[in-house]
Every structure is written in C-alpha cells, then in structure tokens.
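The structure appears right after this line, and notes come after that.
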Amino acid sequence: MFLSNLKRPLAFIDIESTGINPRQDRIIDLAIIKLLPNASQETHVFRCNPGIPIPPAAEAIHHISNADIANCPSFIQLAGQIFNMLQNCDLAGFSIVRFDVPMLTEEFARAGLKFPADDCRLVDAQRIFHKKEPRDLTAALAFYCGETHTQAHGAEADASATLKVLESQLTKYADLPKTVEGLASFYATARDPDWVDTTGKLKWVNGEVVINFGVQHIGQKLRDLAQNNAKFLTWILKSDFPGETKKIVADVLEDKFPVKPQNSPKD
C-alpha cells in the first residue's frame, strides 16, 4: 500500500452535481473508493435524482442528463447507506475541502445527519499540488518561458512577465483561441450562464433577477424584495458583497431593474 500505517479506512470521494453552490445544488453522481487498513479496496458509485433540473452548463461538464437520472433514487433515500459507508473513515479527494465535503455536508444535513465526523481527517490532493507546485506568476514564467522572475511584485516586471507567459501559452497550446473573445470564454464553463453577477450571488430565473445565496431568501425576486423586504436589500449594501452585486441591488432600490441581455441563455 502506498500509504503506511493506515489505522482506519481512507475514502476517496468525487461528486458530480447540478452546480457548485452547496446550499442550492444537489449531488447527481457520487463515487467512493475505500482503502482499508488490510490493504484491500472497495468501490461504490451512487447515481441520484437531484429533484431539480440539471442546468445545461452542468450537463456540458459531466454529460449526465435529466433523462439519465429520472428513475434514480434521491440522495435522501440513499443517505443512510452512504453515511454508514463513510462512518469512521478519513476522506481524500481533489478539491474536497472547497467542493465535495461542503456538498456532502449539506446533503446529509437535509437528511438529518451530521457530516463529517469531528475526528474525520481530510486529505486534499489539490492543496498538496498547489503547495508543492506553486501556481503563481513566478512559477508560470519558469514553466512556460524558462526564465527566473527576479523582480516579482514590481508592477512593470509582473505585467511584462504576464505578457511573456500568455505569448508562450498561445505557442505551446495549439487549441487555444487566438482572439481575445475566444480566450475570455475559454475557461467560462465554470460559471453558470444564468448568473447575473460574476460571483453568482444573483441569478436570472424566467427573466427576473433572484437571490442565489443563503437559505431564507434564495429564489426570491429582487423586485418583490424591494417592495416587501427592502431591509434585506439594504443589509446586502452594508455587508461584504462584491461591488458589482451591490450596484445591481442599489439600482433595484431606486426602481431601476436590470433587463436580461438578448444573448443570455434561454430560460
């Protein structure tokens, strides 16, 4: 076994879901590979019906359609079995601290179960990767251009280094778009096309802007909140939200409602 002195099972988990918001989105596919102290290995895969439509942007990533999960059990129906399977396990995965564990925590909470256990240890391969292989500009200049960034954090030197890195990337990767428009959309699949603002705090639903965070107000229209609960919108303006989000909310409080762009995804 590549890990020595394994005292209890280490469960490698990976999730496919309807999106990346643990409170709003739901698990569609869950894989668990358990390494046991006796060096044996178990693999389990659970396909769930999320109870909400799978957005086209999410389907484009994991290729699981609404038809694929139509007859699958819900996570709540499987929660007990999955919970027992992960009991007394440590957890491992790629980006599990940011994504998989929060998703599972919310799904189990909806089933009335507390997860993870207080003594559960998390091994995140992504964090090890980023710690051992820095992903900063200095590392990029060395990787793509073979140069040492001797004046890191000087504005002109950093801008010049970034120019060199992008030029080298365009040369190295033949499939990269050669236009600004193409490059700007190259990594855009991670963003839900229905997001109104960059961070997804607000979302388009049937041509209306709705709240896309929290529990109490999620899904509520800004238009209705402006009339019936302006205090909540004022709280957003006074809290730690992005300026872009605050600007939209401030406009709504002045009866200036956003209009969905013509080229936005269909409802």
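The values are calculated or read from the model by the stated rules, or taken from the named source; none is laboratory data. Remember, it's a predicted structure, so these values are computed and weren't measured experimentally. Using ideal geometry, Cβ is built from the backbone for each residue, glycine included, and neighbour counts are taken over all protein chains shown.
Tell me whether the stretch 139-154 contains one or more residues that are in the same structural domain as Thr43 (by TED's automatic domain parsing) and of a type in the set (S, T, N, Q).
no
Just checking, how many residues over the stretch 1-15 are free of Cβ contacts under 8 Å to residues at least 60 places away in the same chain and either hydrophobic (A, V, I, L, M, F, W, C) or surrounded by 16 or more Cβ atoms within 10 Å (Cβ to Cβ) (or both)?
From the stretch 1-15, those free of Cβ contacts under 8 Å to residues at least 60 places away in the same chain are 1-7; that's our starting set.
Filter once more, keeping what is either hydrophobic (A, V, I, L, M, F, W, C) or surrounded by 16 or more Cβ atoms within 10 Å (Cβ to Cβ) (or both): 1-3, 6.
Final tally of qualifying residues: 4.
Show the residue pairs that are 6+ apart or on different chains and have beta-carbon atoms under 6 Å apart, the first residue being within the stretch 149-163 and farther than 16 Å from Pro134 by Cα, the second being among the small types (Gly, Ala, Ser).
Filtered contacts from the stretch 149-163: Gln151/Ala157.
So which of Gly80, Gly93 is surrounded by 14 or more Cβ atoms within 10 Å (Cβ to Cβ) and closer than 24 Å to Leu122 by Cα?
On the way: Gly80 fails: surrounded by 14 or more Cβ atoms within 10 Å (Cβ to Cβ).
Of Gly80, Gly93, the one residue that is surrounded by 14 or more Cβ atoms within 10 Å (Cβ to Cβ) and closer than 24 Å to Leu122 by Cα is Gly93.
Against the definition (surrounded by 10 or more Cβ atoms within 10 Å (Cβ to Cβ) and either in contact with a strand residue (DSSP E or B) (Cβ under 8 Å, 6 or more places away or on another chain) or acidic (Asp, Glu) (or both)), how does Glu147 come out, yes or no?
Numbers: surrounded by 10 or more Cβ atoms within 10 Å (Cβ to Cβ): yes; either in contact with a strand residue (DSSP E or B) (Cβ under 8 Å, 6 or more places away or on another chain) or acidic (Asp, Glu) (or both): yes.
Yes: the conditions hold for Glu147.
Of all residues in the stretch 188-231, count the ones that are among the hydroxyl-bearing types (Ser, Thr, Tyr) and surrounded by 13 or more Cβ atoms within 10 Å (Cβ to Cβ). It would help to see each step written out before you state the result.
Looking only at the stretch 188-231, we keep the residues that are among the hydroxyl-bearing types (Ser, Thr, Tyr), and these are 189, 198-199.
So of that shortlist, the ones also surrounded by 13 or more Cβ atoms within 10 Å (Cβ to Cβ) come out as 199.
Residues in the stretch 188-231 being among the hydroxyl-bearing types (Ser, Thr, Tyr) and surrounded by 13 or more Cβ atoms within 10 Å (Cβ to Cβ): 1 in total.
Give the stretch 135-150 a look and list any residue that's charged (D, E, K, R) and under 28 Å from the mean Cα position of the chain (by Cα), or say none. It would help to see each step written out before you state the result.
First, pick out the residues of the stretch 135-150 that are charged (D, E, K, R): 135-136, 147.
Across the stretch 135-150, the qualifying residues are Arg135, Asp136.
Going residue by residue through the stretch 28-38, is there one that turns out to be buried (at least 18 other Cβ atoms within 10 Å of the Cβ), touching a Ser or Thr at 6+ places or on another chain (Cβ under 6 Å) and assigned to a loop (DSSP other than H, G, I, E, B)?
No, the stretch 28-38 contains no residue that is buried (at least 18 other Cβ atoms within 10 Å of the Cβ), touching a Ser or Thr at 6+ places or on another chain (Cβ under 6 Å) and assigned to a loop (DSSP other than H, G, I, E, B).
Does Lys178 fit the bill of being in contact with a Leu (Cβ under 9 Å, 6 or more places away or on another chain) and exposed (fewer than 10 other Cβ atoms within 10 Å of the Cβ)? Please lay out each step first, then the result.
Numbers: in contact with a Leu (Cβ under 9 Å, 6 or more places away or on another chain): yes; exposed (fewer than 10 other Cβ atoms within 10 Å of the Cβ): yes.
Criteria met by Lys178.
Go through the stretch 153-249 and tell me which helices (runs of 4 or more DSSP H), entirely inside it, have 3 or more residues that are at pLDDT 85 or above.
155-172, 222-228, 230-238
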